[in-house]
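Structure, as structure tokens:
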Amino acid sequence: MLELRPNCEYCDKDLPAHASDAHICSYECTYCTTCVETVLHNVCPNCGGGFAPRPIRPATERRPGVFLGKQPASATRKHLKWDRGDLPAFVEAVRRIPPAER
Ligand SMILES: [Zn+2]
Ligand SMILES: [Zn+2]
């Protein structure tokens, strides 16, 4: 089950479960659209993979037991663990390689 993290790992913007501007990599590293487009250029700082829009988990129980009330979003905020000064070089080395070829 996807871990719905509560914030952008780069700028710390709140990204609640219903946020339409949350992006995730395949490891669920989570960033806001602004950071993905203007800072990260579709390169995850943690794994080098690309991003996809995070799906929104329904808040309404339309099927038994599968909704936000039963599997709530995570409350554990994550923060960038890499040196921000080193990040541009990492992004630059990877961003022009299509995610499918990384
Ligand atoms: Zn952000
Ligand atoms: Zn990642």
Roughly how many nanometres apart are two label points built 7 Å out from the Cα toward the Cβ at Cys11 and Asn46?
-> 1.9
Accessible-area composition of the chain, carbon plus sulfur, in percent [1.4 Å probe] = 55
Cβ-defined net charge surrounding Glu3, 14 Å radius [Lys, Arg +1; Asp, Glu -1] | +3
With all protein chains in place and a 1.4 Å probe, Leu2 shows an accessible area in Å² (nearest 10) of 50
Provide the per residue accessible area, probe 1.4 Å, for the chain, rounded to a whole number of square angstrom.
-> 61
What the 5 Å binned alpha carbon P(r) of the chain shows, as percent of pairs per bin from 0, is 2, 13, 23, 23, 16, 11, 6, 4, 2, 0
Which distance in nm do the two modelled labels at Thr60 and Met1 give, with both placed 7 Å along the Cα-to-Cβ direction?
-> 2.1
What is the extension gain from Phe67 to Ala93, computed as 0.36 nm multiplied by their sequence separation minus the C-alpha to C-alpha distance, in nm to one decimal?
-> 5.4 nm
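The values are calculated or read from the model by the stated rules, or taken from the named source; none is laboratory data. Here the structure is a predicted model, which is why all the values come from computation and not from measurement. All Cβ positions, glycine included, derive from the backbone under ideal geometry; neighbour counts span all protein chains shown. Remember, those area values only see protein heavy atoms, side chains included, never the ligands or the DNA or RNA. Shrake-Rupley method; radii C 1.70, N 1.55, O 1.52, S 1.80 Å.
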